[in-house]
Amino acid sequence: MKAVVLQEINQTVSIQEVETPQAGAGEVIVQLKAAALNHRDVFVQQGKYPGIKLPVILGSDGAGIVLEVGEGVSEEWLGKEVIVNPSQNWGADDRFYSKNFKILGMPDNGTFAEYLKVEAKYLTPKPSHLSFEAAAALPLGGVTAWRALMSRAAMKAGDRVLVTGIGGGVALLVLQFAVAAGAEVWVTSGSDEKIAKAVELGAKGGVNYKDPNWAKNLIAATGGDRSGYFEVIIDSAGGPGFAKLIDVATAGASICFFGGTTGNITDIIPGKVFFKQLNIYGSTMGTEAEFADMVRFIEEKQIQPVIDEIVPLEDAEAALRRMDSGTQFGKIVLKIG
Ligand SMILES: NC(=O)c1ccc[n+]([C@@H]2O[C@H](COP(=O)([O-])OP(=O)(O)OC[C@H]3O[C@@H](n4cnc5c(N)ncnc54)[C@H](OP(=O)(O)O)[C@@H]3O)[C@@H](O)[C@H]2O)c1
């Protein structure tokens, strides 16, 4: 089969002819129709991820058709249109994953290929309102967004929610989930154009984080006061800007972050956190139940993930560079076959 293989750290990926996998006990083979990029794929390529094993077929997000079932797997799966849960071996404790936890696409071969071998328990029927390309845009970002917003920060209808760096794949899904669940949502971005697009998706407004006064500008735009405005803040940038999230949070707010795109968090004044009784959470991926809840919500609300562009599998390297540049708004999808 054709697959996008990373052979060495800091090297370009290449399309290679590799052995087509076969389903073992409990496994299936999915003929992939579409895959999508996550920043994780870029980080793996750059060696910025623990425990990298090479060579590897990148890709955590995929959707396709079940072609083969292994021993012990119901034949009813054959021919079904599916999406794949990339959050695997979570284990019994909802609070934290087991030591065997892994994310599809390293160390196991991922979705940038014509065929994928995966345990049948990670299949979910593709929501019928989504194309393969839209369905592929969902899994990793969707489960990360869902756990951060709904389980960890426990957003409720009517909450005032801030989502930072709205051009990000996960951030956009947080925005869509929060709007659909009845929140008042504001965003930040390094691009005024992306803020305008977020408003089209239901955000009330936003500010550009490149302006050093962005936090003050944001509070002014919301009509809030110096004590803050947001009950829920979802961030993946971390870095020095995180301290300002404390300023715009209202008393008793929950701040949840799942990434550190801009580096270490610095200069947090402890008193601002404890006098405001803030809750600060870290979050990563999600449980199987959270994945199922997320897909149900997408179906119920008929949400369409935002796609920046769809390119052929052969253009995976260019797609990775585009993701690295941060110019995209929404998911970059690879069409397969
Ligand atoms: N823990 C987990 O389970 C998990 C899961 C998925 C992702 N992540 C992490 O979360 C981060 C985002 O992942 P992704 O796949 O959504 O990446 P992505 O699509 O490449 O998004 C990155 C976004 O970061 C934003 N950004 C850059 N500088 C910023 C700043 N100073 N302040 C606020 N936002 C800033 C940009 O937003 P604008 O374009 O709007 O400026 C950019 O679009 C990565 O660090 C990734 O590793 C973690």
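Readers should treat all values here as calculations from the given coordinates under stated rules, not as data from a laboratory. What you see is a predicted model; the values in this text were computed from it and never measured. A quick note on method: Cβ atoms are made from the backbone with ideal geometry, for glycine too, and the neighbour counts reach across all protein chains shown.
Counting Cα-Cα pairs of segment 143-282 in 5 Å increments starting at 0 gives whole-percent bin shares of 2, 11, 23, 26, 23, 11, 2, 0.
Could you tell me whether the chain comes out rounded, prolate or oblate from its Cα gyration tensor? Rule is a ≥ b ≥ c as square roots of the eigenvalues, rounded for a/c under 1.5, then prolate if a/b exceeds b/c, otherwise oblate. If you can, show how the numbers build up before the last one.
Numbers: a/c = 1.91, a/b = 1.73, b/c = 1.11.
Here the chain falls in the prolate category.
Taking only DSSP H segments of four or more residues, each worth -39500 (n - 2.57), what value at 222 nm results for the chain once the sum is divided by all its residues, to the nearest 500 deg cm²/dmol? It would help to have the intermediate numbers written out before the result.
Numbers: 10 runs with 87 residues, N = 337.
Computed mean residue ellipticity for the chain: -7000 deg cm²/dmol.
Run through every distinct alpha carbon pair of segment 251-334 and return the Kirkwood hydrodynamic radius in angstroms, one decimal place. Display every interim value, and only then the final one.
Numbers: mean 1/r = 0.0600 Å⁻¹.
Result for segment 251-334 stands at 16.7 Å.
Estimated at 0.36 nm per residue, the fully extended path between A289 and Q31 surpasses their Cα-Cα distance by 90.4 nm.
Just check segment 34-180 against the gyration tensor rule for me: Cα atoms, a ≥ b ≥ c as the square roots of the eigenvalues, rounded for a/c under 1.5, and otherwise prolate or oblate depending on whether a/b exceeds b/c. The partial results should precede the final answer.
On the way: a/c = 1.59, a/b = 1.31, b/c = 1.22.
Verdict is prolate for segment 34-180.
Considering only A136, A35, A181, the Gaussian network model of the chain with Cα springs below 10 Å gives its largest mean-square fluctuation to A181.
When the chain is described by a simple charge dipole with +1 on each Lys and Arg Cβ and -1 on each Asp and Glu Cβ, the residue from F242, H129, W90 located farthest towards its positive end is F242.
Note on N208 and A196: the model spin-label points, each 7 Å out from Cα along the C-beta direction, lie 1.2 nm apart.
For segment 143-282, the dipole from Cβ point charges (+1 on Lys and Arg, -1 on Asp and Glu) about the Cα centre works out to 200 debye, to the nearest 20.
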